[in-house]
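Before any comments, here is the structure.
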Amino acid sequence: MTREHLISVIIPTYNSGNYLRVLLNSLKESNYNNFEIIINDDKRTSDNTLEIINHFKKENLFKIKYIKENISRAQARKRAACIAQGEYLLHLDSDMKISKDLLKECTSLDRYDALVIPERSYGSNFWGRCKALEKSFYEGVENLESLRFIKKDVYFKVGGHNVEMVFSEDKDLDLRVKRGGFKVGRTKNYIYHNEGSISLGSLLGKKKFYTKTAYIFSKEHPREFRWQSNIFIRYFIFLKNFKCLFINPGLYTGLFFLKTCEYLFSGFYYILRDKGINDKSADIKYHCNNKIKGKKGRVKFERD
């Protein structure tokens with residue numbers, strides 16, 4: 001009988017109660033049951049996140065670890081990885097849900113060290129649907145997709161997430177894994193991402209926040225940064241899917257307008273950026289001496 005590998009599902013949260021319920025329900029419906037869930041919540045969370053977690057804990061269908069040490073998304077993932085017991089790590093966002101066959105497929109592809117999981121997005125209002133349309137164009141574009149499933153020993157061999165990075169912290173990990181010579185595969189099953197109901201102002205505000213650490217990514221991966229920061233490459237990707245103009249002209253033209261605004265806004269703040277990192281994770285030195293293969297790790301945080 002084939003041994004089932006334990007998966008540690010890592011989920012950073014911040015006032016994510018309503019989204020989290022959907023994600024946990026999708027995990028409950030999975031046809032692969034050997035997993036634990038580690039939720040790293042932001043200390044500022046003030047919604048019903050903990051109430052929802054306790055509801056699922058009472059059902060006793062899977063193990064949930066809840067910690068409240070989320071300082072930034074990358075730091076939250078790395079902190080959770082340090083207490084993970086699984087042989088594999090699956091990094092999800094709270095506004096996602098999985099297909100029921102995903103976990104089983106991931107463990108069956110154990111010839112790979114890490115896996116890219118394609119995403120399909122959906123939105124509740126106009127701008128949310130514009131973002132969903134944009135994400136649909138990126139499926140299969142290697143420079144824009146990043147791994148989410150990874151062997152825990154490989155994760156720590158490459159240093160895990162860079163806790164100082166907010167801009168493309170997932171792509172940074174993806175690139176370091178590939179450059180380390182590890183094998184990266186791809187699943188057929190999808191993750192489904194809820195873009196929600198979001199305003200144009202909120203989307204531009206996110207870009208401003210991400211831009212704070214863009215220069216870190218640009219130093220670590222200059223070629224990839226130039227590719228990502230070239231708006232004409234995005235236009236080219238959109239134009240390759242010009243048939244969408246005839247299917248939904250409003251969303252297609254809205255996407256061009258949205259992406260142009262995002263690039264102009266991000267470029268402005270990148271030029272004016274403060275070289276010192278304003279993100280709260282910048283003053284943290286992170287140490288995690290993790291014993292791989294299921295043994296308990298030692299976690300240590302130090303502040304300058």
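Picking from Arg73, Arg21, which residue would you name as being among the basic types (Lys, Arg), in contact (Cβ under 8 Å) with a residue 12 or more places away in the chain and touching a strand residue (DSSP E or B) at 6+ places or on another chain (Cβ under 9 Å)?
Arg73
Residues Ser146, Ser136: which one is under 19 Å from Lys97 (Cβ atoms), of a type in the set (Gly, Ala, Ser), modelled with pLDDT of 95 or more and within 15 Å of the chain's Cα centre (by Cα)?
After ruling out the rest, the residue left standing is Ser146.
Quick one: count up the residues across segment 181-200 that are in contact (Cβ under 8 Å) with a residue 24 or more places away in the chain, out of contact with any helix residue (DSSP H, G or I) (no Cβ under 6 Å at 6 or more places or on another chain) and of a type outside the set (Val, Ile, Thr).
9
Give me the residue from segment 84-126 that is polar (S, T, N, Q), under 21 Å from Tyr32 (Cα atoms) and more than 17 Å from the chain's Cα centre (by Cα) and, out of that set, surrounded by the most Cβ atoms within 10 Å (Cβ to Cβ).
Thr107
Residues in segment 231-239: is at least one in contact (Cβ under 8 Å) with a residue 12 or more places away in the chain, within 28 Å of Ile271 (Cβ to Cβ) and either among the small types (Gly, Ala, Ser) or in contact with a Lys or Arg (Cβ under 6 Å, 6 or more places away or on another chain) (or both)?
yes
State yes or no: is Gly17 of a type outside the set (Phe, Trp, Tyr) and closer than 26 Å to Gly160 by Cβ?
Spelling it out, it is not the case that Gly17 is of a type outside the set (Phe, Trp, Tyr) and closer than 26 Å to Gly160 by Cβ.
From Ala81, Ala132, which residue is of a type in the set (Gly, Ala, Ser) and crowded, with 24+ Cβ neighbours inside 10 Å?
It is Ala81.
If I go through segment 136-156 residue by residue, how many of them are under 14 Å from Arg176 (Cα atoms), part of a loop (DSSP other than H, G, I, E, B) and in contact (Cβ under 8 Å) with a residue 40 or more places away in the chain?
1
Go through segment 2-52 residue by residue and tally those that are more than 23 Å from Gln85 (Cβ to Cβ) and among the hydrophobic types (A, V, I, L, M, F, W, C).
Of the residues in that region, 1 qualify.
Within segment 54-77, can you find the residues that are in a helix (DSSP H, G or I), closer than 23 Å to Arg21 by Cβ and not aliphatic (A, V, I, L, M)?
Taking segment 54-77 first, the residues in a helix (DSSP H, G or I) are 54-59, 73-77.
This time we only want the ones that are closer than 23 Å to Arg21 by Cβ, so: 54-59, 73, 76-77.
Result: Asn54, His55, Phe56, Lys57, Lys58, Glu59, Arg73, Arg77.
I'm told Ser108 meets every condition in (1) farther than 29 Å from Asn248 by Cβ; (2) touching a helix residue (DSSP H, G or I) at 6+ places or on another chain (Cβ under 9 Å) except one. Can you identify the failing condition by its number?
Failed condition: (2).
Just to be sure I understand, how many residues within segment 78-98 are touching a helix residue (DSSP H, G or I) at 6+ places or on another chain (Cβ under 8 Å) and part of a helix (DSSP H, G or I)?
1
Somewhere in segment 119-135, is a residue part of a strand (DSSP E or B) and among the polar types (S, T, N, Q)? Before you say what the answer is, go through the steps one by one.
Restricting attention to segment 119-135, the residues satisfying the condition of being part of a strand (DSSP E or B) are 119-123.
Checking the rest, the ones that are also among the polar types (S, T, N, Q) come to 121.
Checked segment 119-135: at least one residue is part of a strand (DSSP E or B) and among the polar types (S, T, N, Q).
Scanning segment 200-234 for residues that are in a helix (DSSP H, G or I) and of a type in the set (Gly, Ala, Ser), which turns out surrounded by the most Cβ atoms within 10 Å (Cβ to Cβ)? Even if it seems obvious, please write down each step before you answer.
Quick first cut of segment 200-234, residues in a helix (DSSP H, G or I) only: 200-211, 214-220, 222-228, 231-234.
Still in the running and of a type in the set (Gly, Ala, Ser): 201-202, 205, 214, 218.
Working: Gly201: 9, Ser202: 11, Gly205: 12, Ala214: 22, Ser218: 18.
This residue is Ala214.
Would it be correct to say that Ile237 is under 27 Å from Glu105 (Cα atoms), modelled with pLDDT of 95 or more and β-branched (Val, Ile, Thr)?
Answer is no for this residue.
Name every residue in segment 157-199 that is assigned to a helix (DSSP H, G or I) and among the basic types (Lys, Arg), in order of residue number.
Across segment 157-199, the qualifying residues are Lys157, Lys171, Arg176, Lys178, Arg179.
The values are calculated or read from the model by the stated rules, or taken from the named source; none is laboratory data. This is a predicted model, so every value here is computed, not measured. Cβ sites come from the backbone with ideal geometry, for glycine too, and all protein chains shown count toward neighbours.
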